[in-house]
Amino acid sequence: MLRLASMEISAITLKSGHSTDSVVAGEDWRALLARAIRDPVELCRQLGLPEELAVEAARSTTAFRVLVPQPYLARIRPGDPNDPLLAQVLPRKAEMADAPQFVCDPLHEAGTVRSPGLLGKYKGRLLIVASGACAVHCRFCFRRHFPYVQTMYGHIWRGVFEQIAAETSIEEVILSGGDPLTTPDCRLAEIAQQLSEIPHLRRLRIHTRLPIVIPQRVNDELLAWLRGTRLATFMVVHCNHPAEIDANVAAAFSRLVDAGVPVLNQSVLMGGINDDAEVLAELFGRLVDLRVIPYYLHQLDRVAGAAHFVVPEERGRELIRQLRARLPGYAVPRYVRDTAGAEHKVVLE
Ligand code: SF4
């Protein structure tokens, strides 16, 4: 069932087995990010989870550390080791298991680097790694081993703009990361301005999970520069389970859509999290109610440490067929697989 929060935007109280924390009314997204939980033992303690789970999480934590901001933590059911939101952020020993086909760079992105911080995967589009930081660390992330320091070393924005200006076939730029919205708005406004001065550029796409994990990120400053650019601007958010959508997230979507920014959602199909027709129907139905278009359901990329989340493709196809029988066509995303070196994503169903 959708656990749409009864809590008000003005105050969210997190109840846990051992302590109480809260999101202060109107708290700035930077302050929320600064005090995100970075310790797996503390995460388990705040959620009242068994000590064995905390020990397992601590032993399974690698260089890809725990990062969970309070607004997201507030949506995890205290005391439930199987909570689908917890499963996305808590390191488990399954991450350490040997899975030979699961590798550090499943999409061979290293081979797509054009210049520091700039990736060219598909025709007519370039992807800027605008930030190496995220507001949450998702255990299934295909970039969980991404060499941000090396890829962005020597990253000079002027060089990025010059490269895009020199390639007249480029119509669209994607701001990605990490999460590009970890960058301050004054800087993002400058970047949008520089990009808008490149005559052949038509569209700007922003890939972000911040409106989901810290919905307070969708503030007036963000909306101001989104509204101000001549580029057609799209925001692609990332939500995997209906319990991720609380009243604050719904309000953030409304603000974006009301500002004229089309919002699309991509999800990753994951065992134990959303490999269920009821859960997916609730997620996609809820998204369209909020005027967010379900865009892609991704087959999990084969990244090392995430093999325990994989769902067989035949099961994914079956789920999409079930969704088609119960949702309007625009509410059913395309089920896709990313393949290294391919000209486009492969549509599985
Ligand atoms: S890039 Fe996106 S999916 Fe990966 S850890 Fe950051 S927020 Fe999560």
Exercise for review: Could you work out how far the C-alpha centroid of region 311-342 sits from that of region 132-177, in angstrom?
Suggested key: 28
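Explain nothing, just the number: relative contact order of the chain, from Cα pairs under 8 Å at least 6 residues apart, as a whole percent.
About 17 percent, as a whole number.
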Review point. Can you give the Kirkwood hydrodynamic radius for the chain, in Å, rounded to one decimal and based on Cα pairs?
Key: 20.8
Check your understanding: All other residues with a Cβ under 13 Å from the Cβ of PHE253 taken together, and with Lys, Arg as +1 and Asp, Glu as -1, what is their net charge?
Key -> 0
Review point. Which net charge results when you count Lys and Arg as +1 and Asp and Glu as -1 among the other residues whose beta-carbon is under 15 Å from that of ILE293?
Key: +3
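Quote the charge dipole size of the chain about the Cα centre in Debye, to the nearest 20; the model charges only the Cβ of Lys and Arg (+1) and of Asp and Glu (-1).
Using Cβ point charges on Lys, Arg, Asp and Glu, the chain gives about 480 debye.
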Review point. Can you work out the FRET efficiency for the pair GLU197 and GLN101, with r the C-beta to C-beta distance and R0 = 56 Å, to the nearest 0.05?
Key: 0.80
Check your understanding: If you count, for each residue, the other Cβ atoms within 10 Å and average over each peptide, how do 309-315, 296-302 line up from highest to lowest?
Key -> 296-302, 309-315
Point to revise | DSSP-defined antiparallel bridges as percent of all bridges, region 214-349, nearest 5 | key: 15
Practice item. Multiply the residue gap between ALA342 and ALA232 by 0.36 nm, knock off their C-alpha separation, and tell me the result in nm, one decimal place. Key: 37.0 nm
Review point. Using Cα pairs under 8 angstrom and six or more residues apart, how large is the relative contact order of region 15-155, in percent?
Key: 23
Practice item. Among DSSP beta bridges lying fully in region 109-347, give the percent that are antiparallel, nearest 5. Key: 20
Exercise for review: Rank ALA34, PRO81, VAL311 by how far each Cα sits towards the positive end of the charge dipole of the chain (+1 on Lys, Arg Cβ; -1 on Asp, Glu Cβ) and give me just the farthest.
Suggested key: VAL311
Point to revise | Extended-chain gain in nm, criterion 0.36 nm per residue less alpha-carbon gap, GLU51 and VAL149 | key: 31.8 nm
Check your understanding: For ARG92, what is the net charge nearby, where nearby means another residue's Cβ is under 9 Å from its Cβ and Lys, Arg count +1, Asp, Glu -1?
Key -> 0
Revision key, fill the gap. Relative to the chain, whose Cα atoms define the longest principal axis, helix 51-60 and its Cα axis are tilted in degrees, nearest 10, by 30
Check your understanding: Mind checking Rg over Rh on region 17-140, alpha carbons, Kirkwood formula for Rh?
Key -> 1.05
**Study point:** Angle between the chain longest axis and helix 157-166 axis [Cα atoms, degrees, rounded to 10]
**Key:** 50
Point to revise | For VAL268, residues with placed amide H under 5 Å, excluding near neighbours | key: HIS298
Exercise for review: Output the direction-averaged projected area (hull surface divided by four) of the convex hull of the alpha-carbon atoms of region 113-264, in nm².
Suggested key: 8.6
Practice item. Report the residue, chosen from ALA247, ALA232, ALA325, that carries the largest GNM mean-square fluctuation when the chain is represented by alpha-carbon nodes joined by springs under 10 Å. Key: ALA325
Review point. What's the angle, to the nearest 10 degrees (0 to 90), between helix 247-258's Cα axis and the longest principal axis of the chain?
Key: 20
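Every number here is computed from the coordinates shown, using simple stated rules; none is lab data. Please read these numbers as outputs of a predicted model, since none were measured by experiment. Counting neighbours? That spans all protein chains shown, and the Cβs are built from the backbone with ideal geometry, glycine included.
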